[in-house]
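Enquirer: Here you go, one structure.
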Amino acid sequence: MTKKIDGKKISLEIKEEVKVRVSELKEEGLQVCLAVIQVGNDPASTVYVGNKKKACAYTGIESRAFALPEETTQEELLELIARLNEDDTVHGILVQLPIPAHMDEKKVIEAISPKKDVDGFHPRSVGALSIGEPGFVSCTPAGIIQLLKRSGVEIDGKECVVVGRSNIVGKPMAMLLLRENGTVTVCHSHTKNLKEICRRADILVAAIGKPKFFDDSYVKEGAVVIDVGIHRDENNKLCGDVDYEKVAEKVSAVTPVPGGVGPMTIAMLMNNCVEAAVRMKD
Ligand code: NDP
């Protein structure tokens, strides 16, 4: 029978673990703190920032919010980041993306101290991941590894296919699966024979941003399928890159949308904040 991998339940487990660690640190006199910066009023960003603040409140992490107007200059934003880098009471810094077009996203990401880079987007964090050194890992792929491990899915020696090569999902996903000793293939929009490659996968990670693209013809009998996509379908219902109904009949386990990968991203962000605080303390 196909198993639904329950991201809601697993993310709650992680948040509970974070809560315990946050309260232990508090007893030692250390209040874990995440600075969340939003520039402008993009409605989707406001929802994401709100969810992050809620997760902070749930786990006992202090969230320090900076809501900057759209017309903020890049200099002003960089000055704020520099101040937060120096502030010992702040352990994680997050700039909600996208930022307004008049700013250089790369410069802003690079301004965040790698010690406080809880999103794992800084080139130092990305480099550390690729050479196996400690550093922060992008929350969505880190959450997927937790989903697999906590659902009892073996990665070691398995044929893993990641479809999508973005800097925040596909590439770090491939590195993490490799670190877990998977045999990893990364596909993208230029890949020939995508279907055949996907059908080889023991573990298929779909992260292309195309609603219900992967149907049962893309999966092998008994595979494990991780759906990263988030979309609204024609009936305004949430769906992923995977056609869940069709794929579920054939695979051994699959993540639903909603309730799969989505909740894991914020749980891992909370986890990274505690890690940042512990590393700064030691
Ligand atoms: P990007 O748009 O940055 O990257 C998409 C990738 O998919 C690219 O590498 C692209 O290839 C590849 N691709 C696009 N079309 C095809 C195709 N037909 N065949 C093969 N490869 C293709 O997306 P993200 O990685 O940021 O996000 C992917 C999805 O995950 C989105 O739906 C997004 O909303 C969702 N998401 C969900 C998160 C969560 O918390 N659940 C977090 C982050 C993202 P190429 O490089 O050649 O252009």
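Enquirer: Could you quote the convex hull projected area for the chain, Cα atoms only and averaged over all directions, in nm²? Can you show the working numbers first?
Expert: Details: hull surface 60.0 nm².
Approximately 15.0 nm², given one-decimal rounding.
Enquirer: While we're here: Regarding the stretch 116-192, what is the average projected area of its C-alpha convex hull, in nm²?
Expert: Working: hull surface 21.2 nm².
If you wrap the Cα atoms of the stretch 116-192 in a convex hull and average its projections, you get 5.3 nm².
Enquirer: Further question on the same structure: Show me the GluC sites (Glu not before Pro) within the stretch 1-82 that DSSP assigns to loop and that have at most 16 other Cβ atoms within 10 Å of their Cβ. Spell out each step's value before the answer.
Expert: Working: sites: GLU13, GLU16, GLU17, GLU24, GLU27, GLU28, GLU62, GLU70, GLU71, GLU75, GLU76, GLU79; in loops: GLU28, GLU70, GLU71.
Here the sparse-neighbourhood loop sites are GLU28, GLU70, GLU71.
Enquirer: Still on this structure, I have one more. Can you give the FRET efficiency for GLU159 and GLN31, using 1/(1 + (r/R0)^6), R0 = 51 Å, r = Cβ-Cβ distance, to the nearest 0.05? Display every interim value, and only then the final one.
Expert: Numbers: r = 45 Å, r/R0 = 0.88.
Given R0 = 51 Å and the Cβ-Cβ separation, E is 0.70.
Enquirer: On to the next question. Say R0 is 22 Å: what FRET efficiency, to the nearest 0.05, do LYS210 and ASN167 get from their beta-carbon distance?
Expert: 0.75
Enquirer: Using a 1.4 Å probe on the protein chains only, how many percent of the accessible area of the chain belongs to carbon and sulfur? The partial results should precede the final answer.
Expert: Details: 7060 of 13770 Å².
After summing per-atom areas, the C and S share lands at 51 percent.
Enquirer: Cross-link partners among lysines for LYS195, C-alpha distance below 24 Å, same-chain residues fewer than 8 apart left out?
Expert: Cα-Cα hits under 24 Å: LYS3, LYS4, LYS158, LYS171, LYS210, LYS212, LYS220, LYS246, LYS250.
Enquirer: Based on DSSP, what percent of beta bridges with both residues in the chain are antiparallel, to the nearest 5?
Expert: Details: 2 of 31 bridges.
Just about 5 percent of them are antiparallel.
Enquirer: Also: Under 19 Å from the Cα of LYS9, which lysines turn up, not counting those fewer than eight places away in the same chain?
Expert: Result set, ordered by chain and number: LYS19, LYS52, LYS54, LYS149.
Enquirer: Could you work out the relative contact order of the chain? I mean the mean sequence separation of Cα pairs under 8 Å and 6+ apart, divided by the number of residues, in percent.
Expert: 22
The values are calculated or read from the model by the stated rules, or taken from the named source; none is laboratory data. Worth saying up front: this structure is predicted, and the values here are computed from it rather than measured. We place every Cβ from the backbone using ideal geometry, glycine too, and count neighbours over all the protein chains shown. Remember, those area values only see protein heavy atoms, side chains included, never the ligands or the DNA or RNA. Shrake-Rupley method; radii C 1.70, N 1.55, O 1.52, S 1.80 Å.
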